[in-house]
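Structure first, commentary second.
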Number of protein chains: 4
Amino acid sequence: MERRNVGILGATGTVGQRFIQLLAEHPWFNITWLAASDRSAGKRFEDACSWKLETPLPQRIADMIVQPNVPDGSSTELPRIIFSSVDSDIARELEPKFAAAGCAVVSNSSAFRMAADVPLVVPEVNAGHLEAIESQATRQSFGGYVVTNPNCCAIGLVLPLKPLEDRFGIEKLFVSTMQAVSGAGYPGVPSLDILGNVIPFIKNEEEKLQEEIGKLLGSTDGRSFRYSDATVSAHCNRVPVLEGHTECVSIKLRTPATREEIIAAWQSFQPLSGLSFKLPSAPARSVEFLEAVDRPQPKLDLMRGNGMATTVSRLRPCSLFDWKFTLLSHNTLRGAAGCAVLNAELLAALGKFNFKRFPPVNANFASQDLVNA
Amino acid sequence: MERRNVGILGATGTVGQRFIQLLAEHPWFNITWLAASDRSAGKRFEDACSWKLETPLPQRIADMIVQPNVPDGSSTELPRIIFSSVDSDIARELEPKFAAAGCAVVSNSSAFRMAADVPLVVPEVNAGHLEAIESQATRQSFGGYVVTNPNCCAIGLVLPLKPLEDRFGIEKLFVSTMQAVSGAGYPGVPSLDILGNVIPFIKNEEEKLQEEIGKLLGSTDGRSFRYSDATVSAHCNRVPVLEGHTECVSIKLRTPATREEIIAAWQSFQPLSGLSFKLPSAPARSVEFLEAVDRPQPKLDLMRGNGMATTVSRLRPCSLFDWKFTLLSHNTLRGAAGCAVLNAELLAALGKFNFKRFPPVNANFASQDLVNA
Amino acid sequence: MERRNVGILGATGTVGQRFIQLLAEHPWFNITWLAASDRSAGKRFEDACSWKLETPLPQRIADMIVQPNVPDGSSTELPRIIFSSVDSDIARELEPKFAAAGCAVVSNSSAFRMAADVPLVVPEVNAGHLEAIESQATRQSFGGYVVTNPNCCAIGLVLPLKPLEDRFGIEKLFVSTMQAVSGAGYPGVPSLDILGNVIPFIKNEEEKLQEEIGKLLGSTDGRSFRYSDATVSAHCNRVPVLEGHTECVSIKLRTPATREEIIAAWQSFQPLSGLSFKLPSAPARSVEFLEAVDRPQPKLDLMRGNGMATTVSRLRPCSLFDWKFTLLSHNTLRGAAGCAVLNAELLAALGKFNFKRFPPVNANFASQDLVNA
Amino acid sequence: MERRNVGILGATGTVGQRFIQLLAEHPWFNITWLAASDRSAGKRFEDACSWKLETPLPQRIADMIVQPNVPDGSSTELPRIIFSSVDSDIARELEPKFAAAGCAVVSNSSAFRMAADVPLVVPEVNAGHLEAIESQATRQSFGGYVVTNPNCCAIGLVLPLKPLEDRFGIEKLFVSTMQAVSGAGYPGVPSLDILGNVIPFIKNEEEKLQEEIGKLLGSTDGRSFRYSDATVSAHCNRVPVLEGHTECVSIKLRTPATREEIIAAWQSFQPLSGLSFKLPSAPARSVEFLEAVDRPQPKLDLMRGNGMATTVSRLRPCSLFDWKFTLLSHNTLRGAAGCAVLNAELLAALGKFNFKRFPPVNANFASQDLVNA
């Protein structure tokens, strides 16, 4: 597969930095464009960004000049593939403009996740939802479109849910989370609030988690989405952990299943095996089940599958529902930038990046035209 | 009320130190006897104990000599009231011996919590259960008996449950905990295991929490206990917090209740108001409800009611059951030593410490004689 | 002593909240005025402030209306005593205005600490420096003046230094700090930067610590200050601790001293004993020496002397200088608000709060008129 | 270079696990023998060991049977190269036995570091000291010998010191450390002692650090060691960090040096470039200097040079000595197992592993015969 030029919207942020980390040496993509807010535009990236990752900032990226976060369709320099991770309000304004400029916007932002013609995708779970981009007005007019990935907690959770949904059906779900501070971005959670503490509240998080699972496990006719009618109740908490969301789950199935059947469902889960291309960021196994009684733990299991697998353990009977288990997912790799990159790899494999020439500039195309929400 | 002499079994441990902190200046009790394992016996307390509390060790206690952890009924020095916090295996062996020696054993240990004639008591919840001590064989023969308090998580949880049980009935309950490291004693959890980490497992904790709630909310005929048939499903986790267990709860009531009715139930909860004596350690309110959306937090709410209140917040509808809320309880004050002290205060107020002369020594009285379990 | 009305500049901040905590029940002072930035002015205090202390916000304070941070000399409501803790830039502009309005400004800000006619005071160390307020232009014209307390690290350090300086003379000093996050205010240090980490840099901190010690240990002729010529070299670090600065010190004395002599100097240090009034916030001992080998520790020793004492331990020979020791000081109590309150108590005891009538309004009095710096 | 069989003494411990992590895929070494205490001997390694590293335990190692920690010279299975990391008391007894059995003992233990004929080596600093093994009695009689690496703090510190010593001479040195909990092994530091806390004491650490620097910077005539006469004064502290020791240093040089000259000394430090073999574990640069003002930080710089480099920053003038700087070193990679592996690579490159046939069993060879200490 030839390497395609890509850009990053919100490149200086926490997820933006992860995009750079994942894409700097990517076999299919080549970063040629970085954009951030007006405060950063025009600066060398290194000077605009407080790099917070444990791997060094590549020198080539450090030297790039940060662009303004507007599409400039007349420019030959705007890549057709844009990874986006900006605040929801900004995404709501900007992402339709990039789509209208002919770009494929692969977004980690929450703005359009629940929009009626925008796919909310985790490749192993609902790759078929991507077809809905063909219904988007910008796709039909200019070739551009918006694809989103879910909230960090929903991504980690839906991976082990999917094979259970397929085999046994999921009726009810209780989930209580212990989420890392990196999920709040930078500067994010003040240390005075979280050192040695628990904050039992994350704004809008429970609502997102509850509704996104329904869309992810639902079906599509290629134009709109029908949600799963599984009922989800979430408790979301912040804990003093740097990376890795832990989630305690109790689940009621539609068809009874033994412990062995559930483990077998997880261990045989190979949903991407039918693709013609091996996606470079896909983990060998998307769900890793451990028998050890005191796992998963962020310190020990965060990087399974290069940070792209959900680790599951403690499968045991639930006195209220059928089964209980605990899962762990890397919230800024699999739960954010990594899922968006995997979505982009899937789009590439499906031919959704084979654009024709750039459309004419259409700066007036507004977000209400994009979505039917 | 006259000050009574009391002793502490397991005085050098984490909970033993809390007993000392709470009892050193207690208006009703006077520490005259400290016992610990053979390794410590015979030493000055200060030399035997690595004092870990933020308040200084009182000099009078520092200078006391640690006694062997055996009852010596011929001695005039063994107090009739013994606070106990030792490992379950040791408690199973020792506590009956002290009861057979004529002592009231007010225990924080788990050994006899579920025994058929041993009360498991939180004073605000089930004071009436104390009557069952009269059925204990040691009580009838020698005056001594064993009273226990629940597991730390069960204490914090049952306080807000009790007024809901009384008014609306509790049918089902999900609870997911985030527990402090102090709950594991000292040295307890290695820092390598918990710094920046979550451990989603605490041995036997879920079982204890699930079964103890049933006994606490159940009834007694004065001889045995009938358990509540509320179904409880627990997920127990360790988080890097020093003190304070946070619990996320989803609850299904037998009779529907509005948000206002639930809050009213908590705010009007005054179960100890009928006693002739004000118990010195009882908080003004055992359940404190906060409207703030991001509370309770260990850092901010741990010491409400001098560490004896359960703080509750985030009351909101649950998509699976009726209501969701989050609670916080101080696990080594209210959840351990403080609850035992409150139990002792209640026993004093009820006249259960009005002993006759010491019984004859009966060192052969074994634990199987004490309990019907 | 009659209770005097006082105000707080920067009342919503981290140190402002500590001022409220310390002054709400103060026997000599009565909070009647709270001011903060324009964003907060006009709101109820509770609505303007994110209260972060473990003790509850008093209801009377919660209900007060936040005032604009300007002196209004015509108003009868502006108290003559103003506690100030605002950013240095703001203090540089505001504090002279309040002094020119006739107020005694007792400041925790760094703006005027090194100014030529502004006392930098820790009561136990250099109470005599307060006399320099009489040289301040605003004092002479309008009765108002500015008094400052040092940087948090300098306060904790200078307390054990003072008796050594008096008896043996201090020639050289190496100090390496491990400072709590509360020292950076709120939101302050992002949790992503400090959880499980050390940041070996705090802006301007080493410079402040090095120069302030010289002024504190220096002398005054009542008009200007002569600095001590002790040489100080500081390394300042941030560690994941909520409250409490730990400092490792190596010291070279001018006159040799034995270990016993040094301990005796600390234990007999009673510098405030000559005052006619016992200052309410003064600790029984300003320096507490411990023999235990692994102390002081923030977790165990933070609150010695109600958070107003410096705890010292690990006194041992230094292979380069004479002696090494480690100290701990509560950085937002003794190291900030508590020291300012103690300064105010000292000013009250010295009669420096016996103001005449309010001066005429003089809004144009500028900071360059106040200081000779 | 052919792959040689190696064994690990103390394989289940914290450093033992790092040995396994570093050696499992090593190009020159092949793990064939794992030993631990009697409690573990005879078990599968996976069952004997609580694996605590973030990379998975290799299956081949998991299945190995733990051997008793005694040399069995008649066995063909005892490898001639033994990596050792056991408690000092045990090392003092065991390591001479393995040397007397003909093994090269590459030890991370402190027992023989200061022994008169035992090299204490960091390859980039004093490779020439290895020649002293030829003076060891066991070497002369049986071919076996003991080589040690320094304490974790000394390793991180001596790397940037060495080029300064060579060019300018080091006269005096202050060092104040902030050390990670992993340095204390497992279970090591209880979480109750270190969460949100600083412990300003680590037993024997300051002594080790002070004396080992002298041996490392000293010279040898091939038989005995002459120590550097640089004077070192150390303050050692434990902080709530998982991995990575941070050290604040003030240094007095014998010859004045500019900032540029010091940086140049570090950046041109290539001490291993003269070897015929590139050592597989040697970092590209052993000292990495950063200009950023707030570095090094454990979170960001721990893994520079694959955890084998010392990162240095904050080079600035010292008011007492000449220069101040801060350094960071990975305490269980470079500071323990990694340094021992690098020592072994150096021994291999120097031909010190070209053993003849195994010597006769000599179980009575005692530690006093080995060392002249």
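The values are calculated or read from the model by the stated rules, or taken from the named source; none is laboratory data. Keep in mind it's a predicted model, so treat the numbers as computed, not measured. Positions of Cβ are generated from backbone atoms using ideal geometry, with glycine treated the same way; all protein chains shown enter the neighbour counts.
Miscellaneous remarks
- Residue check, A:Ser276 among the polar types (S, T, N, Q) and either in contact with a Leu (Cβ under 6 Å, 6 or more places away or on another chain) or within 13 Å of chain B (Cβ to nearest Cβ) (or both): no
Matching residues to (1) modelled with pLDDT under 65; (2) outside the structural domain of B:Cys248 (by TED's automatic domain parsing); (3) at negative phi:
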| site | (1), (2), (3) |
| --- | --- |
| B:Trp323 | no, no, yes |
| B:Thr326 | no, no, yes |
| B:Leu346 | no, yes, yes |
| B:Ala349 | no, yes, yes |
| B:Phe358 | yes, yes, yes |
| B:Asn362 | yes, yes, yes |
| B:Ala366 | yes, yes, yes |
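- Exclusive hit being more than 25 Å from A:Pro119 (Cβ to Cβ) and under 21 Å from the mean Cα position of the chain (by Cα), set A:Glu261, A:Glu247, A:Glu288: A:Glu288
- Applying the criterion of at least 2 residues that are in the same structural domain as C:Phe355 (by TED's automatic domain parsing), under 21 Å from the mean Cα position of the chain (by Cα) and farther than 30 Å from B:Gly307 by Cβ to the helices (runs of 4 or more DSSP H) found wholly in the stretch C:32-120 leaves C:88-100.
- Filtered residues of the stretch D:158-186 (kept if among the hydrophobic types (A, V, I, L, M, F, W, C) and within 14 Å of chain C (Cβ to nearest Cβ)): D:Ile170, D:Leu173, D:Phe174, D:Val175, D:Met178, D:Ala180, D:Val181, D:Ala184
- Filter result for B:Ile82 (within 20 Å of B:Ala336 (Cβ to Cβ), touching a Leu at 6+ places or on another chain (Cβ under 6 Å), of a type in the set (A, V, I, L, M) and without any contact (Cβ under 8 Å) to a residue 60 or more places away in the chain): no
- Residue selected from the stretch C:1-19 under the condition out of contact with any strand residue (DSSP E or B) (no Cβ under 7 Å at 6 or more places or on another chain) and of a type outside the set (S, T, N, Q), by the criterion modelled with the lowest pLDDT: C:Met1
- Lone unmet requirement of (1) at negative phi; (2) surrounded by fewer than 22 Cβ atoms within 10 Å (Cβ to Cβ) for A:Ala36: (2)
Rundown of residues vs (1) crowded, with 23+ Cβ neighbours inside 10 Å; (2) touching a residue at least 12 places away in the same chain (Cβ under 8 Å); (3) more than 21 Å from D:Ala337 (Cβ to Cβ), yes/no style:
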position: D:Glu77; (1), (2), (3): no, yes, yes
position: D:Phe98; (1), (2), (3): yes, yes, no
position: D:Gly128; (1), (2), (3): no, yes, yes
position: D:Gln136; (1), (2), (3): yes, yes, yes
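- Scan of the stretch A:161-191 for residues that are over 23 Å from A:Pro123 (Cβ atoms) and among the charged types (D, E, K, R), ordered by number: A:Glu171, A:Lys172
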